[in-house]
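The values are calculated or read from the model by the stated rules, or taken from the named source; none is laboratory data. Values in this document were obtained by computation on a predicted structure and should not be read as measured data. Cβ placement follows ideal geometry from the backbone for every residue including glycine, while neighbour counts extend to all protein chains displayed.
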Amino acid sequence: MVLSVGNPATRRQTIEQLEKSWYMWLLQFPGIAEQWLSADGWRNFRDWAGHPDADQVVAEMETTGSLTPGLNWYRANLAPQTLVSSPPELPPVQAPTMGVWSSGDIALLEGQMTDSAKGVVSTFRYERLEGLGHWMQLEAPDRVNDLLIDFLTHSVSPWTSDQQPSLLPAGQVLHPPRHLDPRDRARQKSP
């Protein structure tokens, strides 16, 4: 399940998407981006990000100094040359996939999510959530969790690392076997 951000191999650099992605280019400037976001009591961060827990996020960034490390993710993964380069060549996704996009997303267009189906060889399910922003999992956690539970219980059967996923018939509920519990794997590895 992916929220908001579609498969990078199927991205389209349209003018509309570039307009929504303006902030990625600002974030490439160390010091400048930090100053712009935190100026005037973090007013630009609050106004632009639309984060439902902005006060908590700002307090955390001030306490831990985590703004620059967070921006470094953009600097490392979305370098300026991505503006003019071709999308990366990635192998197709083998597992059943669900993409969820929200109509109020400030940063991403719907097409980058729906086009992600082209990069999936298994099933691709698309869900559009109306009226929510980029932070849909925080704005409507019950709606997002209901989609996740429905997808996991009705679309995918449990598998081990040496098996491929398979689809379950509609209405069949998934009950993962105990051997998929990560704590069991850790206990098996310890002497």
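Determine whether PRO91 is in a loop (DSSP other than H, G, I, E, B) and touching a residue at least 24 places away in the same chain (Cβ under 8 Å). Here the answer is no, as PRO91 does not meet what is asked. For TRP36, the conditions (1) in a helix (DSSP H, G or I); (2) in contact with a helix residue (DSSP H, G or I) (Cβ under 6 Å, 6 or more places away or on another chain); (3) under 25 Å from GLN13 (Cα atoms); (4) not acidic (Asp, Glu) are fulfilled apart from (3). For region 69-88, the count of residues that are over 19 Å from the mean Cα position of the chain (by Cα) and in contact (Cβ under 8 Å) with a residue 24 or more places away in the chain is at least one. Taken over region 19-62, the criterion of being assigned by TED's automatic domain parsing to the domain that holds TRP73 and among the basic types (Lys, Arg) is satisfied by ARG43, ARG46. Among residues of region 97-130 being of a type in the set (Ser, Thr, Tyr) and crowded, with 17+ Cβ neighbours inside 10 Å, the one that is modelled with the highest pLDDT is SER102. Scanning region 1-51 for residues that are in contact with a strand residue (DSSP E or B) (Cβ under 7 Å, 6 or more places away or on another chain) and surrounded by fewer than 17 Cβ atoms within 10 Å (Cβ to Cβ) gives MET1, VAL2, GLY50.
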